[in-house]
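The values are calculated or read from the model by the stated rules, or taken from the named source; none is laboratory data. Quick caveat: nothing in here was measured; it's all calculated off a predicted structure. Virtual Cβ from ideal backbone geometry, glycine too; neighbours counted across all protein chains shown.
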Amino acid sequence: MTERKILHLDLDAFFCSVEELLDPSLVGKPFVVGGSPQGRGVIVSASYAARMYGVRTAMPSGRAVRLCPDLIFVRRDHPAYSTYSRKVMNILKEITPLVQQVSVDEAFIDVSDIQLPIQSICQDIQSRIDRETKLPISIGAGTSKMIAKIANNIGKSRVRTGKAPRSINIIPPGKEAAFLAPLDIQEMWGVGPKTAERLRSRGFKTIGDIADADPELLKTYFGKYAEVMQKRALGIDHSEVHTDHEAKSVSNETTFRQDSEEILFLKNTLMRLSDKVAYRLRKDNQAGKVVSIKVRYSDFTTFTRQKALGRLTNVGDEIFEHAFDLLNKNLSPGRPVRLLGVGVSNLEEPYAQLELFDESPLKKQELTQAIDELKDKFGKDVVFRANKLKQNKTN
DNA sequence: TCTGGGGTCCTAGGACCC
DNA sequence: TCTGGGGTCCTAGGACCC
(Lines give C-alpha, C1' and ligand atoms only; values in the text may rest on other atoms or scores of the structure.)
Protein backbone atom coordinates (compact mmCIF):
# COMPACT_ATOMS: atom_id res chain seq x y z
CA MET A 1 0.00 0.00 0.00
CA THR A 2 1.33 3.41 -0.90
CA GLU A 3 1.34 6.23 1.60
CA ARG A 4 -1.54 8.68 1.60
CA LYS A 5 -0.80 12.31 0.77
CA ILE A 6 -3.14 14.53 2.76
CA LEU A 7 -3.05 18.32 2.84
CA HIS A 8 -4.58 20.67 5.39
CA LEU A 9 -5.15 24.16 4.02
CA ASP A 10 -5.96 27.13 6.20
CA LEU A 11 -6.42 30.70 4.96
CA ASP A 12 -4.27 33.06 7.04
CA ALA A 13 -6.34 35.42 9.24
CA PHE A 14 -9.11 34.86 6.71
CA PHE A 15 -11.64 37.56 7.66
CA CYS A 16 -8.88 40.16 8.02
CA SER A 17 -7.28 39.14 4.73
CA VAL A 18 -10.62 39.66 2.95
CA GLU A 19 -11.05 43.05 4.64
CA GLU A 20 -7.63 44.07 3.34
CA LEU A 21 -8.74 43.23 -0.18
CA LEU A 22 -11.91 45.30 0.25
CA ASP A 23 -10.03 48.22 1.87
CA PRO A 24 -6.29 48.23 1.01
CA SER A 25 -5.67 51.07 3.48
CA LEU A 26 -5.87 48.42 6.22
CA VAL A 27 -2.83 46.54 4.93
CA GLY A 28 -0.11 46.25 7.55
CA LYS A 29 -2.19 47.96 10.25
CA PRO A 30 -3.23 46.44 13.57
CA PHE A 31 -6.93 45.78 13.05
CA VAL A 32 -9.52 43.18 13.97
CA VAL A 33 -12.87 41.90 12.84
CA GLY A 34 -15.20 41.59 15.80
CA GLY A 35 -17.54 43.24 18.27
CA SER A 36 -16.88 46.76 19.47
CA PRO A 37 -15.05 47.16 22.80
CA GLN A 38 -17.98 49.19 24.17
CA GLY A 39 -20.28 46.20 23.91
CA ARG A 40 -19.76 42.55 24.82
CA GLY A 41 -17.94 41.57 21.68
CA VAL A 42 -14.93 39.35 21.18
CA ILE A 43 -12.24 39.28 18.50
CA VAL A 44 -13.23 37.06 15.60
CA SER A 45 -10.10 37.59 13.49
CA ALA A 46 -6.95 39.59 14.19
CA SER A 47 -4.55 40.97 11.57
CA TYR A 48 -0.97 39.81 11.93
CA ALA A 49 0.06 43.35 12.89
CA ALA A 50 -2.51 43.19 15.72
CA ARG A 51 -1.19 39.80 16.81
CA MET A 52 2.20 41.39 17.45
CA TYR A 53 0.49 43.19 20.36
CA GLY A 54 -0.83 39.93 21.76
CA VAL A 55 -4.33 40.35 20.33
CA ARG A 56 -5.91 36.94 19.71
CA THR A 57 -9.08 35.36 18.38
CA ALA A 58 -11.88 34.90 20.98
CA MET A 59 -10.35 37.56 23.24
CA PRO A 60 -12.85 40.09 24.67
CA SER A 61 -12.60 43.27 22.62
CA GLY A 62 -12.07 45.39 25.73
CA ARG A 63 -8.94 43.52 26.58
CA ALA A 64 -7.67 43.76 23.00
CA VAL A 65 -7.90 47.58 23.09
CA ARG A 66 -5.93 47.65 26.32
CA LEU A 67 -3.21 45.61 24.64
CA CYS A 68 -3.26 47.76 21.52
CA PRO A 69 -4.82 51.22 22.02
CA ASP A 70 -4.72 52.09 18.29
CA LEU A 71 -6.53 48.91 17.31
CA ILE A 72 -8.95 49.41 14.41
CA PHE A 73 -12.30 47.59 14.56
CA VAL A 74 -13.96 46.40 11.35
CA ARG A 75 -17.49 45.07 11.21
CA ARG A 76 -18.08 41.57 9.90
CA ASP A 77 -19.02 41.16 6.25
CA HIS A 78 -20.20 37.57 5.99
CA PRO A 79 -21.41 37.73 2.38
CA ALA A 80 -17.90 38.79 1.29
CA TYR A 81 -16.29 35.99 3.31
CA SER A 82 -18.65 33.44 1.76
CA THR A 83 -17.81 34.65 -1.75
CA TYR A 84 -14.05 34.38 -1.22
CA SER A 85 -14.40 31.08 0.61
CA ARG A 86 -16.31 29.64 -2.34
CA LYS A 87 -13.62 30.84 -4.76
CA VAL A 88 -10.91 29.05 -2.81
CA MET A 89 -12.92 25.85 -2.35
CA ASN A 90 -13.69 25.78 -6.08
CA ILE A 91 -10.00 26.00 -6.90
CA LEU A 92 -9.34 23.06 -4.57
CA LYS A 93 -12.12 21.06 -6.23
CA GLU A 94 -10.46 21.63 -9.60
CA ILE A 95 -7.30 20.05 -8.20
CA THR A 96 -9.10 17.02 -6.74
CA PRO A 97 -12.70 16.08 -5.99
CA LEU A 98 -11.52 14.76 -2.62
CA VAL A 99 -12.10 18.00 -0.70
CA GLN A 100 -13.43 18.11 2.86
CA GLN A 101 -14.37 21.63 3.81
CA VAL A 102 -14.04 21.97 7.58
CA SER A 103 -15.11 25.61 7.94
CA VAL A 104 -15.17 28.79 5.82
CA ASP A 105 -11.41 29.05 5.84
CA GLU A 106 -10.19 25.50 6.20
CA ALA A 107 -10.16 22.25 4.23
CA PHE A 108 -8.51 18.85 3.93
CA ILE A 109 -7.71 17.45 0.50
CA ASP A 110 -6.43 14.02 -0.52
CA VAL A 111 -3.81 14.30 -3.27
CA SER A 112 -2.54 10.70 -3.09
CA ASP A 113 -3.27 10.26 -6.81
CA ILE A 114 -1.25 13.26 -7.97
CA GLN A 115 2.12 12.01 -9.22
CA LEU A 116 4.20 15.02 -8.22
CA PRO A 117 6.48 15.71 -5.26
CA ILE A 118 4.39 16.90 -2.31
CA GLN A 119 6.45 20.06 -2.04
CA SER A 120 5.57 21.15 -5.56
CA ILE A 121 1.88 20.25 -5.08
CA CYS A 122 1.78 22.54 -2.05
CA GLN A 123 3.65 25.36 -3.78
CA ASP A 124 1.44 25.12 -6.87
CA ILE A 125 -1.76 25.34 -4.80
CA GLN A 126 -0.46 28.18 -2.67
CA SER A 127 0.65 30.30 -5.62
CA ARG A 128 -2.49 29.55 -7.61
CA ILE A 129 -4.75 30.69 -4.75
CA ASP A 130 -2.58 33.77 -4.36
CA ARG A 131 -2.79 34.51 -8.08
CA GLU A 132 -6.53 33.97 -8.40
CA THR A 133 -7.81 35.35 -5.10
CA LYS A 134 -4.91 37.32 -3.57
CA LEU A 135 -5.50 35.45 -0.31
CA PRO A 136 -2.60 34.10 1.77
CA ILE A 137 -2.93 30.42 2.70
CA SER A 138 -0.83 28.02 4.75
CA ILE A 139 -0.53 24.32 4.09
CA GLY A 140 0.37 21.32 6.20
CA ALA A 141 1.05 17.95 4.62
CA GLY A 142 1.45 14.39 5.84
CA THR A 143 0.14 10.85 5.66
CA SER A 144 -3.04 11.61 7.62
CA LYS A 145 -5.48 14.43 8.35
CA MET A 146 -4.26 14.70 11.91
CA ILE A 147 -0.60 15.05 10.92
CA ALA A 148 -1.41 17.54 8.14
CA LYS A 149 -3.47 19.67 10.53
CA ILE A 150 -0.93 19.72 13.34
CA ALA A 151 1.90 20.31 10.83
CA ASN A 152 0.00 23.34 9.56
CA ASN A 153 -0.56 24.76 13.05
CA ILE A 154 3.12 24.34 13.88
CA GLY A 155 4.24 25.77 10.53
CA LYS A 156 2.11 28.87 11.02
CA SER A 157 3.15 29.43 14.62
CA ARG A 158 6.84 29.50 13.67
CA VAL A 159 6.32 32.68 11.65
CA ARG A 160 6.16 35.77 13.86
CA THR A 161 6.86 38.62 11.48
CA GLY A 162 3.61 40.56 11.72
CA LYS A 163 2.72 39.33 8.24
CA ALA A 164 0.67 36.42 6.96
CA PRO A 165 2.80 33.27 7.34
CA ARG A 166 1.99 31.59 3.98
CA SER A 167 3.80 28.62 5.46
CA ILE A 168 4.21 25.12 4.08
CA ASN A 169 5.09 22.32 6.51
CA ILE A 170 5.54 18.78 5.25
CA ILE A 171 5.99 15.73 7.50
CA PRO A 172 7.56 12.87 5.52
CA PRO A 173 6.13 9.35 5.81
CA GLY A 174 7.55 7.51 8.82
CA LYS A 175 8.46 10.69 10.68
CA GLU A 176 5.03 11.20 12.31
CA ALA A 177 5.81 10.06 15.85
CA ALA A 178 9.15 11.88 15.87
CA PHE A 179 7.44 15.08 14.71
CA LEU A 180 4.78 14.87 17.42
CA ALA A 181 6.97 13.75 20.33
CA PRO A 182 8.42 17.15 21.39
CA LEU A 183 5.14 19.08 20.93
CA ASP A 184 3.05 20.38 23.82
CA ILE A 185 0.10 18.11 24.70
CA GLN A 186 -2.38 20.81 23.70
CA GLU A 187 -1.31 20.51 20.08
CA MET A 188 -3.02 17.11 20.10
CA TRP A 189 -6.29 16.58 18.30
CA GLY A 190 -9.15 16.53 20.79
CA VAL A 191 -7.08 17.82 23.71
CA GLY A 192 -8.41 21.16 24.87
CA PRO A 193 -7.82 23.16 28.05
CA LYS A 194 -9.59 20.68 30.37
CA THR A 195 -7.91 17.50 29.17
CA ALA A 196 -4.57 19.31 28.92
CA GLU A 197 -4.88 20.32 32.57
CA ARG A 198 -5.72 16.76 33.61
CA LEU A 199 -2.72 15.51 31.67
CA ARG A 200 -0.38 18.13 33.12
CA SER A 201 -1.48 17.38 36.67
CA ARG A 202 -0.28 13.81 36.09
CA GLY A 203 3.07 14.87 34.74
CA PHE A 204 2.43 14.70 30.99
CA LYS A 205 3.99 17.64 29.18
CA THR A 206 4.61 16.55 25.59
CA ILE A 207 2.81 14.35 23.11
CA GLY A 208 5.80 12.01 23.40
CA ASP A 209 5.01 11.56 27.10
CA ILE A 210 1.60 10.19 26.13
CA ALA A 211 3.08 7.97 23.42
CA ASP A 212 5.49 6.50 25.97
CA ALA A 213 2.97 6.06 28.79
CA ASP A 214 1.92 2.66 30.13
CA PRO A 215 -1.40 1.94 28.32
CA GLU A 216 -2.97 0.45 31.46
CA LEU A 217 -2.08 3.49 33.54
CA LEU A 218 -3.46 5.83 30.88
CA LYS A 219 -6.64 3.78 30.87
CA THR A 220 -7.17 4.33 34.58
CA TYR A 221 -7.04 8.08 33.94
CA PHE A 222 -9.04 8.39 30.73
CA GLY A 223 -11.04 5.19 30.31
CA LYS A 224 -12.04 4.29 26.77
CA TYR A 225 -10.55 7.48 25.42
CA ALA A 226 -7.02 6.44 26.49
CA GLU A 227 -6.51 4.10 23.56
CA VAL A 228 -7.51 6.67 20.94
CA MET A 229 -5.36 9.25 22.64
CA GLN A 230 -2.27 7.09 22.65
CA LYS A 231 -2.74 6.06 19.02
CA ARG A 232 -2.95 9.69 18.05
CA ALA A 233 0.13 10.50 20.08
CA LEU A 234 1.96 7.84 18.07
CA GLY A 235 0.82 9.53 14.87
CA ILE A 236 -1.82 6.96 13.91
CA ASP A 237 -4.97 8.34 12.26
CA HIS A 238 -6.86 6.48 9.55
CA SER A 239 -9.74 8.93 9.20
CA GLU A 240 -10.71 9.66 5.60
CA VAL A 241 -11.28 12.88 3.74
CA HIS A 242 -15.08 13.10 3.73
CA THR A 243 -16.59 14.96 0.80
CA ASP A 244 -20.23 14.72 1.86
CA HIS A 245 -21.17 16.95 4.71
CA GLU A 246 -24.73 17.18 5.99
CA ALA A 247 -25.69 19.49 8.82
CA LYS A 248 -27.00 17.72 11.90
CA SER A 249 -28.42 20.78 13.64
CA VAL A 250 -29.21 24.41 13.00
CA SER A 251 -29.22 27.01 15.77
CA ASN A 252 -29.13 30.72 16.44
CA GLU A 253 -28.28 32.46 19.68
CA THR A 254 -27.80 36.01 20.84
CA THR A 255 -26.10 37.73 23.74
CA PHE A 256 -27.98 40.86 24.82
CA ARG A 257 -26.34 44.24 25.12
CA GLN A 258 -27.84 44.26 28.59
CA ASP A 259 -29.11 41.36 30.67
CA SER A 260 -32.88 41.16 30.91
CA GLU A 261 -35.50 39.34 32.93
CA GLU A 262 -38.48 40.82 31.09
CA ILE A 263 -40.54 37.93 29.83
CA LEU A 264 -41.96 39.94 26.93
CA PHE A 265 -38.49 40.81 25.71
CA LEU A 266 -37.33 37.20 26.09
CA LYS A 267 -40.43 35.99 24.28
CA ASN A 268 -39.87 38.35 21.36
CA THR A 269 -36.25 37.32 21.15
CA LEU A 270 -37.23 33.65 21.13
CA MET A 271 -39.70 34.38 18.32
CA ARG A 272 -37.05 36.14 16.23
CA LEU A 273 -34.53 33.33 16.78
CA SER A 274 -37.14 30.67 15.94
CA ASP A 275 -37.97 32.42 12.67
CA LYS A 276 -34.29 32.69 11.79
CA VAL A 277 -33.69 28.98 12.41
CA ALA A 278 -36.84 28.04 10.49
CA TYR A 279 -35.86 30.18 7.54
CA ARG A 280 -32.40 28.65 7.38
CA LEU A 281 -33.89 25.15 7.55
CA ARG A 282 -36.31 25.88 4.71
CA LYS A 283 -33.55 27.38 2.62
CA ASP A 284 -31.58 24.13 2.95
CA ASN A 285 -34.67 22.01 2.40
CA GLN A 286 -34.36 20.59 5.91
CA ALA A 287 -36.63 20.07 8.88
CA GLY A 288 -35.99 18.73 12.35
CA LYS A 289 -37.67 16.65 15.05
CA VAL A 290 -36.09 18.14 18.16
CA VAL A 291 -36.38 21.73 19.37
CA SER A 292 -33.92 23.05 21.94
CA ILE A 293 -33.30 26.25 23.87
CA LYS A 294 -30.20 27.59 25.55
CA VAL A 295 -30.27 30.08 28.41
CA ARG A 296 -27.33 31.84 30.03
CA TYR A 297 -27.85 33.92 33.18
CA SER A 298 -25.83 36.98 34.05
CA ASP A 299 -23.52 34.91 36.26
CA PHE A 300 -22.70 32.81 33.16
CA THR A 301 -24.40 29.66 34.41
CA THR A 302 -25.94 28.07 31.37
CA PHE A 303 -28.55 25.40 30.77
CA THR A 304 -30.13 23.74 27.76
CA ARG A 305 -33.49 22.03 27.41
CA GLN A 306 -34.77 20.04 24.47
CA LYS A 307 -37.92 18.32 23.38
CA ALA A 308 -38.58 15.67 20.74
CA LEU A 309 -41.69 16.54 18.76
CA GLY A 310 -42.35 13.21 17.13
CA ARG A 311 -42.59 14.89 13.74
CA LEU A 312 -40.63 17.20 11.51
CA THR A 313 -40.87 20.95 11.50
CA ASN A 314 -39.22 23.90 9.84
CA VAL A 315 -41.92 26.43 10.66
CA GLY A 316 -41.05 29.39 12.84
CA ASP A 317 -44.35 29.50 14.72
CA GLU A 318 -44.15 25.89 15.71
CA ILE A 319 -40.50 26.01 16.71
CA PHE A 320 -41.30 29.09 18.77
CA GLU A 321 -44.27 27.44 20.46
CA HIS A 322 -42.12 24.59 21.77
CA ALA A 323 -39.16 26.84 22.55
CA PHE A 324 -41.35 29.16 24.59
CA ASP A 325 -42.88 26.23 26.42
CA LEU A 326 -39.40 24.99 27.33
CA LEU A 327 -38.43 28.48 28.49
CA ASN A 328 -41.55 28.92 30.61
CA LYS A 329 -41.08 25.61 32.35
CA ASN A 330 -37.41 26.09 33.15
CA LEU A 331 -36.61 29.77 33.62
CA SER A 332 -35.85 30.91 37.17
CA PRO A 333 -37.86 34.07 37.71
CA GLY A 334 -35.96 37.18 38.72
CA ARG A 335 -32.63 36.00 37.37
CA PRO A 336 -31.36 38.29 34.60
CA VAL A 337 -30.71 36.50 31.33
CA ARG A 338 -27.62 37.24 29.27
CA LEU A 339 -28.04 34.90 26.31
CA LEU A 340 -30.89 33.12 24.60
CA GLY A 341 -30.62 30.48 21.87
CA VAL A 342 -32.92 28.28 19.79
CA GLY A 343 -31.92 25.16 17.88
CA VAL A 344 -33.42 22.36 15.82
CA SER A 345 -31.76 18.95 15.42
CA ASN A 346 -32.41 15.43 14.11
CA LEU A 347 -32.69 16.89 10.63
CA GLU A 348 -34.21 15.26 7.58
CA GLU A 349 -35.40 16.32 4.17
CA PRO A 350 -39.04 17.16 4.67
CA TYR A 351 -40.70 17.47 1.28
CA ALA A 352 -40.30 14.63 -1.16
CA GLN A 353 -42.16 16.71 -3.75
CA LEU A 354 -39.31 19.18 -3.90
CA GLU A 355 -37.30 16.70 -5.92
CA LEU A 356 -39.85 16.96 -8.71
CA PHE A 357 -38.96 20.59 -9.22
CA ASP A 358 -36.03 22.17 -10.94
CA GLU A 359 -33.14 22.17 -8.48
CA SER A 360 -32.03 25.74 -9.25
CA PRO A 361 -31.68 27.90 -6.12
CA LEU A 362 -34.08 30.46 -7.54
CA LYS A 363 -36.80 27.86 -8.07
CA LYS A 364 -36.27 26.57 -4.58
CA GLN A 365 -36.55 30.03 -3.15
CA GLU A 366 -39.75 30.64 -5.08
CA LEU A 367 -41.16 27.43 -3.76
CA THR A 368 -40.21 28.35 -0.21
CA GLN A 369 -41.92 31.67 -0.66
CA ALA A 370 -44.97 29.98 -2.08
CA ILE A 371 -45.11 27.66 0.92
CA ASP A 372 -44.70 30.58 3.27
CA GLU A 373 -47.45 32.50 1.47
CA LEU A 374 -49.77 29.51 1.63
CA LYS A 375 -49.06 29.36 5.32
CA ASP A 376 -50.04 33.00 5.72
CA LYS A 377 -53.26 32.50 3.78
CA PHE A 378 -54.53 29.19 5.09
CA GLY A 379 -52.80 28.87 8.42
CA LYS A 380 -49.69 26.94 9.28
CA ASP A 381 -51.39 23.53 8.99
CA VAL A 382 -51.29 23.61 5.23
CA VAL A 383 -47.55 23.13 5.36
CA PHE A 384 -47.89 20.07 7.53
CA ARG A 385 -50.45 18.22 5.53
CA ALA A 386 -47.91 17.43 2.83
CA ASN A 387 -45.51 16.45 5.54
CA LYS A 388 -47.94 14.04 7.19
CA LEU A 389 -48.89 12.64 3.81
CA LYS A 390 -45.26 11.76 3.25
CA GLN A 391 -44.94 10.22 6.69
CA ASN A 392 -48.04 8.09 6.16
CA LYS A 393 -46.72 6.90 2.86
CA THR A 394 -43.33 5.92 4.19
CA ASN A 395 -44.60 4.26 7.34
C1' DT B 1 -10.16 40.90 30.96
C1' DC B 2 -15.13 39.49 31.90
C1' DT B 3 -15.98 36.25 28.56
C1' DG B 4 -19.60 35.58 20.54
C1' DG B 5 -21.82 32.37 17.65
C1' DG B 6 -21.98 28.33 14.93
C1' DG B 7 -21.33 23.65 15.21
C1' DT B 8 -19.90 18.19 16.48
C1' DC B 9 -19.25 14.36 19.40
C1' DC B 10 -19.35 11.82 23.75
C1' DT B 11 -21.16 10.26 28.18
C1' DA B 12 -24.44 8.98 31.40
C1' DG B 13 -28.83 8.27 33.53
C1' DG B 14 -33.72 7.22 33.19
C1' DA B 15 -37.83 5.42 30.80
C1' DC B 16 -39.67 1.82 28.50
C1' DC B 17 -40.02 -2.60 26.23
C1' DC B 18 -39.25 -7.48 25.64
C1' DT C 1 -39.67 -12.26 47.54
C1' DC C 2 -36.61 -8.72 47.17
C1' DT C 3 -35.12 -8.40 41.66
C1' DG C 4 -31.94 -10.05 34.81
C1' DG C 5 -30.22 -7.99 30.94
C1' DG C 6 -30.15 -6.02 26.44
C1' DG C 7 -31.76 -2.52 23.21
C1' DT C 8 -33.37 1.95 22.12
C1' DC C 9 -34.95 6.49 22.75
C1' DC C 10 -34.77 10.75 25.17
C1' DT C 11 -32.52 14.34 27.79
C1' DA C 12 -28.69 17.25 29.90
C1' DG C 13 -24.23 18.58 30.23
C1' DG C 14 -19.63 19.06 28.88
C1' DA C 15 -15.48 19.19 26.00
C1' DC C 16 -13.81 20.64 21.87
C1' DC C 17 -13.23 23.08 17.32
C1' DC C 18 -13.20 27.24 14.16
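To keep it simple, each residue is scored yes or no on (1) without any contact (Cβ under 8 Å) to a residue 24 or more places away in the chain; (2) surrounded by fewer than 18 Cβ atoms within 10 Å (Cβ to Cβ); (3) among the aromatic types (Phe, Trp, Tyr).
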| site | (1), (2), (3) |
| --- | --- |
| A:ARG40 | no, yes, no |
| A:ALA49 | no, no, no |
| A:MET52 | no, yes, no |
| A:PRO69 | yes, yes, no |
| A:ILE72 | no, yes, no |
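Where helices (runs of 4 or more DSSP H) fall wholly inside the range A:34-128, no range has 3 or more residues that are β-branched (Val, Ile, Thr) and within 11 Å of DNA strand B (Cβ to nearest atom). Taking each residue of the range A:255-281 that is closer than 17 Å to A:SER332 by Cβ and looking for partners that are small (Gly, Ala, Ser) and within 10 Å of DNA strand B (Cβ to nearest atom) with beta-carbon atoms closer than 8 Å, six or more apart or interchain, yields A:ASP259/A:SER298. Within the range A:146-157, if we keep just the residues that are surrounded by 21 or more Cβ atoms within 10 Å (Cβ to Cβ) and β-branched (Val, Ile, Thr), the residue that is nearest to A:GLU240 (Cα to Cα) turns out to be A:ILE147.
Is at least one residue of the range A:132-145 among the hydroxyl-bearing types (Ser, Thr, Tyr), assigned by TED's automatic domain parsing to the domain that holds A:SER47, surrounded by fewer than 21 Cβ atoms within 10 Å (Cβ to Cβ) and assigned to a helix (DSSP H, G or I)? Checking the range A:132-145: at least one residue is among the hydroxyl-bearing types (Ser, Thr, Tyr), assigned by TED's automatic domain parsing to the domain that holds A:SER47, surrounded by fewer than 21 Cβ atoms within 10 Å (Cβ to Cβ) and assigned to a helix (DSSP H, G or I). So for the range A:112-121 (the condition being crowded, with 16+ Cβ neighbours inside 10 Å, of a type outside the set (Val, Ile, Thr) and assigned by TED's automatic domain parsing to the domain that holds A:TYR53), does at least one residue qualify? Among the residues of the range A:112-121, not one is crowded, with 16+ Cβ neighbours inside 10 Å, of a type outside the set (Val, Ile, Thr) and assigned by TED's automatic domain parsing to the domain that holds A:TYR53, which makes the answer no. Pairs linking a residue in the range A:328-339 that is away from DNA strand B (no atom under 16 Å from the Cβ) to a residue that is part of a loop (DSSP other than H, G, I, E, B), with Cβ atoms under 7 Å and 6 or more positions apart or on different chains, are A:GLY334/A:GLU261. The helices (runs of 4 or more DSSP H) found entirely in the range A:183-224 that carry 1 or more residues being in contact (Cβ under 8 Å) with a residue 24 or more places away in the chain and within 21 Å of A:ARG158 (Cα to Cα) are A:207-212. Exactly one residue out of A:LYS149, A:LYS145, A:LYS156 is within 18 Å of A:SER47 (Cα to Cα), of a type in the set (D, E, K, R) and touching a residue at least 24 places away in the same chain (Cβ under 8 Å), and it is A:LYS156. When A:ALA13, A:ALA80 are checked against the criterion of being in the same structural domain as A:ALA141 (by TED's automatic domain parsing), in contact (Cβ under 8 Å) with a residue 60 or more places away in the chain and crowded, with 22+ Cβ neighbours inside 10 Å, A:ALA13 stands alone in meeting it.
Quick one: is A:VAL18 in contact with a helix residue (DSSP H, G or I) (Cβ under 6 Å, 6 or more places away or on another chain) and closer than 12 Å to A:LEU135 by Cα? The answer is yes for A:VAL18.
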